[in-house]
Structures are given as C-alpha cells and as structure tokens.
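**Q** Submitted below is the structure of interest, expressed as structure tokens.
The values are calculated or read from the model by the stated rules, or taken from the named source; none is laboratory data. Remember, it's a predicted structure, so these values are computed and weren't measured experimentally. Cβ placement follows ideal geometry from the backbone for every residue including glycine, while neighbour counts extend to all protein chains displayed.
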Amino acid sequence: MKEKPSYTEHKNNKTTRLRATQGKALICMLGLLPTLSLADLDARQRQLLNSKCVQCHTNPHTGAPLMGAQEEWRSVVNQGEFVTLSNVVQGIRGMPPLGYCSACSEEDLMAITRFMALWPKPATGQD
C-alpha cells in the first residue's frame, strides 16, 4: 500500500505543479504573441516579470488583464501612462500596490506594463 504524503509534501507538490503550469502558460503566450519582444525589457525586468507579474497576468481566474490580450488592456492603455503608473503604484481593484513588486522602480513598472499590454514605447519626451 502506498503511503499518503504529508501535508507539507502535498503542498510542495501542488505549488510545484502550479508554478510549472504558470511557466507553461507564459511560454505558450510568448510563443503565440510574436509582437511581444523580451528585448524591450532588460534582464532585471524580465526576472521581475517572471517572478511577480506572471502570477496574475497569465491566470485567467484572477481577473487581471492577461499578458498580450490587447482588448483586455485597452481601457488601461486609454488612460495614458501617468494614470496607469499611478494605479500600478497605488493598487487598483484586486491588484495590490506595486503588484507586490517592492523591488520595481517606476521605470520597471511601466516597461513591464507596456510589454504585457503590447503598448508601444512612447517617443522620447512624449507620454
């Protein structure tokens, strides 16, 4: 007879499966969205995206706009960068302040938001 795993083993296995699923979702989304360019993010921002943002923005059950789903991001983009950054910093609806990314600078937050929303970089000196 097979021994039942302990609570900790069960929880660790569940967490590992969840992370694997999220990682696969991110890979699939990136593969389907050729207009996303990780080159638009520096190495630190890619790490922050992968460790923080994908937790919600690749999971359709969170209510967060999904990475690369332009229609879901349209109302965000239409507000402009100033309002969007303010909402990200302060938190909005179910999103916690800074998206739980205390290591993110304002520049990081906007670069990552632009990346997820397929939002083109503004020309230098413009919003």
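**Q** Does Arg46 qualify as being surrounded by 13 or more Cβ atoms within 10 Å (Cβ to Cβ) and either among the aromatic types (Phe, Trp, Tyr) or in contact (Cβ under 8 Å) with a residue 40 or more places away in the chain (or both)?
**A** no
Condition check ((1) surrounded by 17 or more Cβ atoms within 10 Å (Cβ to Cβ); (2) within 21 Å of Arg46 (Cβ to Cβ); (3) in contact with a helix residue (DSSP H, G or I) (Cβ under 7 Å, 6 or more places away or on another chain)) across all residues:
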{"residue": "Pro60", "(1), (2), (3)": "no, no, no"}
{"residue": "Phe82", "(1), (2), (3)": "no, no, no"}
{"residue": "Asn87", "(1), (2), (3)": "no, no, no"}
{"residue": "Gly91", "(1), (2), (3)": "no, no, yes"}
{"residue": "Gly94", "(1), (2), (3)": "no, no, no"}
{"residue": "Pro97", "(1), (2), (3)": "no, no, yes"}
{"residue": "Tyr100", "(1), (2), (3)": "no, yes, yes"}
{"residue": "Glu106", "(1), (2), (3)": "no, yes, yes"}
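**Q** Is it fair to say Ala64 is aliphatic (A, V, I, L, M) and touching a residue at least 40 places away in the same chain (Cβ under 8 Å)? Spell out the reasoning first.
**A** Details: aliphatic (A, V, I, L, M): yes; touching a residue at least 40 places away in the same chain (Cβ under 8 Å): no.
Here the answer is no, as Ala64 does not meet what is asked.
**Q** Let me ask something additional. Kindly indicate whether any position in the range 68-75 is surrounded by 12 or more Cβ atoms within 10 Å (Cβ to Cβ), within 20 Å of Arg46 (Cβ to Cβ) and of a type in the set (Gly, Ala, Ser).
**A** yes
**Q** Modelled with pLDDT under 85 and surrounded by fewer than 15 Cβ atoms within 10 Å (Cβ to Cβ) - does that describe any residue in the range 108-120?
**A** Checking the range 108-120: at least one residue is modelled with pLDDT under 85 and surrounded by fewer than 15 Cβ atoms within 10 Å (Cβ to Cβ).
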